[in-house]
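J.: This structure is in structure tokens; I'll ask about it shortly.
The values are calculated or read from the model by the stated rules, or taken from the named source; none is laboratory data. Quick caveat, the model's predicted, so the values are computed rather than measured. Positions of Cβ are backbone-derived with ideal geometry, glycine not excepted, and every protein chain shown enters the neighbour counts. Accessible surface is based on the protein model in full, side chains and every heavy atom, while ligands, DNA and RNA are left aside. Shrake-Rupley method; radii C 1.70, N 1.55, O 1.52, S 1.80 Å.
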Amino acid sequence: MTKKWWHDKVAYQIYPKSFYDSNGDGIGDIPGIISKLDYLQDLGVDIIWLSPCYPSPLADEGYDISDYYNIDPRFGTMEDMERLLAEAKKRNMYILMDLVVNHCSDEHEWFQKACADPDGKYGNFFYLRDKKEGRLPTNWRSYFGGPVWEDLPGTNKQYLHVFHKKQPDLNWENPDLREEVYKNINWWLDKGLAGFRIDAIINIKKALPMHSYEPDRADGLCSIKTMLKEANGIGEFLGEMRDRTFKKYDAFSVGEVFDEKPEEVPDFIGDNGYFSSMFDFNETIFGSSEKGWYDAKPITPDDYKKCCFQAQAKVGAVGFLSNIIENHDEPRGVSRYIPEGDCSPQSKKMLAALNFMLRGLPFIYQGQELGMENVPFASIAEVDDISTLDEYQVALDAGLSEQEALAAVAKFSRDNARTPMQWSDAANAGFTTGTPWLKVNPNYTSINAADQQNDPDSVRSFYKKLIALRKNPEYKETVVYGALEPVWEDRHNLMAYYRKGEKTLLVIGNYQKGGQDIELPRAYKKVLLNNDAQLIQDGNTIKMQGYQVLILEM
Ligand code: TEU
Ligand code: CA
């Protein structure tokens with residue numbers, strides 16, 4: 001594997017709308033991000049991924065872009081963006097933006113022109129089909145519910161949207177569209193962006209000619225994934241995009257890739273892969289159900305371990321995964337991966353260490369470093385996210401009561417991660433002086449950055465230590481490149497692995513409330529990190545305390 005500039009870095013995802021509001025309108029903004037760069041630098045972050053801040057009607061909170069060359073006035077100006085790039089550079093930090101090119105917004109100029117002249121140039125930027133009374137072109141169900149087909153306003157045609165109807169899919173089969181995408185990527189890279197996180201990219205290749213599939217719910221529709229399984233040839237688009245854009249700049253690209261086959265890993269993230277890296281979603285998709293969120297199965301510590309190790313084995317030394325505990329589409333990881341009732345600073349640190357020490361590039365989602373938790377939703381009226389609203393309806397349709405449906409979707413709601421960042425115990429968690437666009441998690445008085453920055457034992461301080469270990473010249477090679485080797489794999493509620501490089505490190509997490517004894521194969525050399533106040537040992541036997549995690553040099 002060729003060494004790359006970004007391998008030894010630590011990445012951090014910012015959801016701009018909820019990070020920091022500089023002007024009191026209740027919406028986070030770019031000047032707000034700039035004012036918090038020192039906070040991120042202090043943590044040890046190098047790469048920052050910004051979720052979309054382009055002009056957008058915000059139907060899907062910015063993942064519906066109406067102008068790829070601008071900044072939404074709610075988030076700031078292009079000058080603010082340029083200032084952010086310059087301020088980041090001063091601190092040796094790198095900025096990634098979100099590349100959302102499976103679809104644009106129905107308010108994008110291209111779509112408006114397609115409506116005006118569906119048979120003209122811009123009609124071919126989308127997937128349009130003639131409207132037939134009483135019959136849709138295919139029976140595919142959009143990710144956010146309902147059919148993927150919608151009437152093209154003012155015409156006798158319909159357009160395809162695999163996400164929301166305000167997110168029409170772009171036609172990647174059309175070389176003119178692809179040119180527009182590459183032009184835009186290069187324009188941003190020329191501005192000094194370090195690269196992109198690439199949204200929903202596996203959806204750009206459709207199985208053509210389009211046809212219907214066996215329905216999988218009572219609505220008579222089928223999952224988009226059924227169609228995607230049949231879509232071959234995405235590599236031609238992705239390889240072309242790499243060659244025309246990222247490669248020339250040595251840019252970093254991380255793909256939102258799902259369901260890749262093991263034999264495809266080198267194509268995606270090998271030495272000349274389509275992307276620099278891709279996210280490991282093996283844990284986040286665990287237990288999901290075709291029926292909907294209400295039917296999902298919770299993940300146990302043993303499942304979590306299995307998922308991580310599976311993903312690690314699949315990639316091996318071929319490439320570099322990007323490891324996450326959560327992102328803006330997921331509930332808070334501590335609420336999901338730590339058994340109910342057991343969330344504590346100790347268990348949160350354990351989860352952090354187990355994830356952070358995996359081979360790959362660690363991504364921290366805003367607030368994760370504080371151990372931010374899921375939100376107690378009092379009613380569905382508090383929910384903003386379109387995906388949650390759809391899943392709530394799906395649950396009701398399946399016969400759940402309103403209360404049951406709310407409880408079911410609350411566990412997975414994307415809004416769990418989207419509440420304002422908890423900066424302090426001041427009003428609105430110090431996020432805004434105005435009214436926050438989304439309710440602040442009421443636990444901000446006990447979980448917030450200001451408190452944790454002053455506390456050497458806080459979750460944040462533990463993250464700082466993990467980051468410092470990754471950067472420590474003595475251990476860096478091993479933490480970044482060392483092979484991962486699971487150990488004691490069959491032990492219940494224990495997740496442990498070696499990282500073997502110039503040094504041998506052993507990471508051991510006691511993934512339960514009760515203690516358990518671990519017999520080391522030999523004496524360790526040094527304790528590099530311990531989330532517990534003590535280390536109780538008897539010879540080579542370690543009496544691990546509940547949720548204790550250790551990083552040992554062997
Ligand atoms: O998500 C793509 C995705 O495939 C979905 O599985 C997403 O996880 C799902 O909506 C969860 O409910 C990306 C973005 O990360 C997401 O925020 C956007 O809504 C979506 O693309 C459309 O751009
Ligand atoms: Ca603002």
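J.: If R0 is 60 Å, what FRET efficiency do you get for THR541 and LYS113 from their C-beta distance, rounded to 0.05?
T.: Efficiency for this residue pair is about 0.25.
J.: Give me the distance between the Cα centres of the range 520-550 and the range 96-152, rounded to whole Å.
T.: Comparing the Cα centres of the range 520-550 and the range 96-152, I get a distance of 57 Å.
J.: Another one. Can you give me the C-alpha center-to-center distance between the range 168-203 and the range 318-343, rounded to a whole angstrom?
T.: Each part's Cα centre sits 28 Å from the other's.
J.: Separation between the GLU264 and ASP176 pseudo-spin-labels, each 7 Å from Cα along Cα→Cβ, expressed in nm?
T.: 2.9
J.: Are there any GluC sites (Glu not before Pro) in the range 106-157 that are in a DSSP loop and have at most 14 other Cβ atoms within 10 Å? List them by number.
T.: Of the GluC sites (Glu not before Pro), the ones in loops of the range 106-157 whose Cβ has at most 14 other Cβ atoms within 10 Å are GLU133.
J.: If one takes the longest principal axis of the Cα atoms in the chain, at what angle in degrees, from 0 to 90 and to the nearest 10, does the Cα axis of helix 459-471 lie?
T.: Its long axis makes an angle of about 90 degrees.
J.: Turning to a different aspect of this structure: Please grab the % of Cα pairs in the range 185-266 that end up more than 15 Å from each other.
T.: So the pairs more than 15 Å apart make up 66 percent of the total in the range 185-266.
J.: Another question, then. Taking a ≥ b ≥ c as the square roots of the eigenvalues of the Cα gyration tensor of the range 331-442, is the shape rounded (a/c under 1.5), prolate (a/b larger than b/c) or oblate?
T.: Here the range 331-442 falls in the oblate category.
J.: Something else now. Tell me the label-point distance for the pair LEU520, ASP38, using the 7 Å Cα-to-Cβ offset, in nm and rounded to one decimal.
T.: So the two model labels end up 4.1 nm from each other.
J.: Quick one: with all protein chains in place, what share of the accessible area of the chain is carbon or sulfur, to the nearest percent (1.4 Å probe)?
T.: The nonpolar share, carbon plus sulfur, comes to 48 percent.
J.: Taking amide hydrogens as modeled 1.01 Å from N in the peptide plane, which residues meet the under 5 Å criterion relative to TRP140, leaving out close sequence neighbours?
T.: HN-HN under 5 Å from TRP140: VAL148, CYS222.
J.: Could you give me D for the range 401-554, from Stokes-Einstein at 25 °C and 0.890 mPa s, where the hydrodynamic radius is the Kirkwood radius over C-alpha pairs? Units µm² s⁻¹, please.
T.: Approximately 132 µm²/s, per Stokes-Einstein.
J.: Let me ask something additional. To the nearest 20 Debye, how big is the dipole of the chain about its Cα centre, given +1 on the beta carbon of each Lys and Arg and -1 on that of each Asp and Glu?
T.: Dipole about the Cα centre, nearest 20: 1560 debye.
J.: Based on Cα coordinates alone, diagonalise the gyration tensor for the chain, multiply each eigenvalue by 5, take square roots, and list the semi-axes in whole Å, largest first.
T.: Here the semi-axes work out to 38, 25, 25 Å.
J.: Let me ask another. Would you please give the residues with an amide H less than 5 Å from that of GLY255, counting only those at least 5 places away or on a separate chain, with H modeled from the backbone geometry?
T.: Under 5 Å from the amide H of GLY255 lie the amide H atoms of ILE198, SER277, MET278, PHE279, each far enough along the sequence or on another chain.
J.: Tell me the angle of helix 301-315 to the major Cα principal axis of the chain, expressed in degrees between 0 and 90 and rounded to the nearest ten.
T.: Helix 301-315 sits roughly 70 degrees off the main axis of the chain.
J.: Setting aside same-chain residues fewer than 8 positions from LYS131, which lysines have a Cα under 19 Å from its Cα?
T.: Partners found: LYS113, LYS157, LYS165, LYS166.
J.: Shifting gears a bit: Work out Dmax and Rg for the range 35-91 from the C-alpha atoms and quote the Rg first, both in angstrom.
T.: 12.8, 35
J.: Please work out whether the range 1-118 counts as rounded, prolate or oblate from its C-alpha gyration tensor, where a ≥ b ≥ c are the square roots of the eigenvalues and a/c under 1.5 means rounded, while otherwise a/b larger than b/c means prolate and anything else oblate?
T.: Verdict is oblate for the range 1-118.
J.: Next question, about the same structure. Mind giving me the nanometre distance, one decimal, between the label points for ARG91 and GLU79, set 7 Å out from Cα along Cα→Cβ?
T.: Computed distance between label sites ARG91 and GLU79 equals 2.2 nm.
J.: Using a cut-off of 21 Å between alpha-carbon atoms, which lysines can reach LYS543, once sequence neighbours fewer than 8 places away in the same chain are excluded?
T.: Those lysines meeting the cut-off are LYS305, LYS348, LYS349, LYS513, LYS525, LYS526.
J.: Another question, then. Angle, helix 175-191 long axis vs. longest principal axis of the chain, Cα atoms, 0 to 90°, nearest 10?
T.: 40
J.: Can I ask one more? Solvent-accessible area per residue for the range 145-205 at a 1.4 Å probe radius, Å²?
T.: Per-residue accessible area for the range 145-205 comes out at 30 Å².
J.: Here is a follow-up. Can you tell me how much longer the chain between GLN403 and SER289 gets when fully stretched, taken as 0.36 nm per residue apart minus their C-alpha distance, in nm with one decimal?
T.: 39.0 nm
J.: Long-range amide H contacts for ILE14: which residues qualify at under 5 Å (H placed 1.01 Å from N, peptide plane, sequence gap of 5 or more or a different chain)?
T.: It is TRP49, LEU50, SER51, by chain and number.
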